[in-house]
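Asker: Quick one: structure below, then a few questions.
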Amino acid sequence: MNKILLVPSYLWKNTLNRWQEHPASPLTKVFIPALLSLLAILVLVFFSALEDKLTEELSKRSIRTITVTETVRNLNAQNQLLASAHENEIWQQIAPEINSTTLLRPFSSAELLAGRRVPVFTSHGNIAGLPDLLADNKPQIYILSNSSADQYLTEFKLHDKTLYAKPGLMPDWLSSTIRDDMVIYAPLSLLHPLLLKGYSSTTLITAPNSREVAKTKNIVDAFFRAENRTVQVDSSVDILKAIHDLETAQIKIRAIIIVFVAIILALILGNISVLEYEKEAYLYALLRSFGATRKQIIAHGFIENLILVSSGIYLTANTWRLLLEQARPYIPPELPLQAVSQLNIKNADIIALSIAMVSGAVLATIPVILGLRKPTGKILQ
């Protein structure tokens, strides 16, 4: 038989016998990479899920919209309520190109007949896309929901009063702002006594275009800073920056994982390779005396490590979801790892993990390369 085929076949036959006699060695080469890849996958999946969560949050809001949330206590409620009536006019003077809409929500909520508590809100005037609060010159109350509007009036209680609301369909922007699928929309005159006890104000400020969002946000920040008011300002600028920072962090983490996993694998597999080489040194020297080359022996050691390491990665790739599913009851709900079925590994993460594993397998062959530099004659003596 051609020595090109004879040498590899003999080496693999010897390797299989060695695996049978000492199974701890190949199992170590399988389970150590499996454990390392599992830890790496959990870290990478966590950051990927966090990025998906931010991207989903960004998709739920208009890129041009800046949301300003303010909590007004009862001591300041009356003065702030009067001031907010003219706030839209002030915004038009400061920046005529932007649009603003203010929603006022008292701390009290309405109670439906079924016992469900529903948030209540109002505004200083009609809002585009919402029903007219003064239709037919009469104050109107509406119950808005995401589902198809019913044709009947809905009875509810508010501050010990029994009232009735007309059905209406709630627009998506209001649903994402209120963060509820059903709300009561009532005139300011009806909710005024409740607002005086304290309320939360949500102002939606729309930039003229997507390029002006950052500039508009700076104007908003400066306005409320000058007013000495404590508000929370959220915009797509913050989310986009968070996504960018997260992507930058992921690049660094992938690099760290490549280096860390490669070094750990090289140290563990390298030590095992040293022990195996010491046992097989005489056999390798004998094969070399019959014409086997260093490259054949080195390639065999590399392929052996690569097969075992790949088996460990394959094992983890097919079990990490199951393991995470078992651990889900112990994962804090605020972490974005609850929906296991929706978690995915990015192609960049797979490439980074593969590079780390291959690098570890390559580095692990160094002891064999150094051992094969010894003269065959000395080993065979």
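Asker: Take the cross-link list LYS215/LYS346; LYS53/LYS157; LYS53/LYS197; LYS138/LYS161 and give me the ones stretching past 27 Å between alpha-carbons.
Answerer: In this structure, LYS215/LYS346; LYS53/LYS157; LYS53/LYS197 exceed 27 Å between Cα atoms.
Asker: Residue by residue, what Karplus-based ³J(HN,Hα) values in Hz, rounded to whole numbers, does segment 67-72 have, using 6.51, -1.76 and 1.60 with θ = phi - 60° and x for Gly and Pro?
Answerer: 9, 10, 10, 9, 9, 10
Asker: Using the Karplus curve 6.51 cos²θ - 1.76 cosθ + 1.60 with θ = phi - 60°, work out ³J(HN,Hα) for each residue of segment 119-131 in order, rounded to whole Hz, and write x for Gly and Pro.
Answerer: Once rounded to whole Hz, the list reads x, 10, 8, 8, 8, 7, x, 5, 10, 4, x, 10, x.
Asker: Could you give me the ³J(HN,Hα) list for segment 355-366, computed from phi with Karplus coefficients 6.51, -1.76, 1.60 and θ = phi - 60°, whole Hz, x at Gly and Pro?
Answerer: These are the phi-based 3J(HN,Hα) values: 4, 4, 5, 5, 4, x, 5, 5, 5, 5, 7, 4 Hz.
Asker: Still on this structure, please answer the following. Output the 0 to 90 degree angle, nearest 10, between the alpha-carbon long axis of helix 213-226 and the longest principal axis computed from the alpha carbons of the chain.
Answerer: 60 degrees
Asker: Please figure out what share of the DSSP beta bridges in the chain is antiparallel and state it in percent, rounded to the nearest 5.
Answerer: 85 percent
Asker: Taking R0 as 35 Å, what FRET efficiency do you get between ASN74 and ARG179 from their Cβ-Cβ distance, rounded to the nearest 0.05?
Answerer: The formula returns an efficiency of 0.90 here.
Asker: For semi-axes √(5λ) of the Cα gyration tensor in Å, one of [x] 34, 27, 21; [y] 71, 22, 15; [z] 30, 25, 23 was computed from the structure I shared and the rest are decoys. Which label?
Answerer: The value matching this structure is [y].
Asker: Hey, got the dipole for segment 65-206? About the Cα centre, +1 on K and R Cβ, -1 on D and E Cβ, debye to the nearest 20?
Answerer: Dipole about the Cα centre, nearest 20: 460 debye.
Asker: Rounded to whole Å, give me the distance from the Cα center of segment 44-85 to that of segment 94-155.
Answerer: 19 Å
Asker: Collect residues whose amide H, placed 1.01 Å from N in the peptide plane, falls under 5 Å from the amide H of VAL120; neighbours closer than 5 in sequence don't count.
Answerer: It is ALA110, ILE184, by chain and number.
Asker: Considering amide H positions built from the backbone, and no H for Pro or chain starts, which residues 5 or more places from ILE66, or on another chain, come under 5 Å of its amide H?
Answerer: When sequence neighbours closer than 5 places are left aside, the close amide H contacts are ILE205, THR206, ALA207.
Asker: Whose amide H sits under 5 Å from the amide H of LEU103, counting only residues 5 or more places off or on another chain, with H placed in the peptide plane?
Answerer: Excluding prolines and chain starts, which carry no amide H, the hits are THR202, THR203, LEU204.
Asker: Hey, another quick one. Give the cross-link partners of LYS13 among the aspartates and glutamates, using a straight C-alpha distance below 14 Å as the criterion and excluding same-chain residues fewer than 8 apart.
Answerer: Once the sequence-local aspartates and glutamates are set aside, what remains near LYS13 is GLU21, GLU280, GLU304.
Asker: Which aspartates and glutamates does LYS252 reach when only Cα atoms under 18 Å apart count, and residues fewer than 8 places away in its own chain are ignored?
Answerer: Cross-link targets: GLU51, ASP349.
Asker: Measure nothing but the geometry: give the 0 to 90° angle between the long axis through the Cα atoms of 3-21 and the longest principal axis through the Cα atoms of the chain, rounded to 10°.
Answerer: It is inclined by approximately 70 degrees.
Read-outs: derived from the displayed coordinates by stated rules, not from any lab. The structure displayed is predicted, hence computed values, not measured ones. Neighbour counts run over all protein chains shown; Cβ positions are idealised from the backbone, glycine included.
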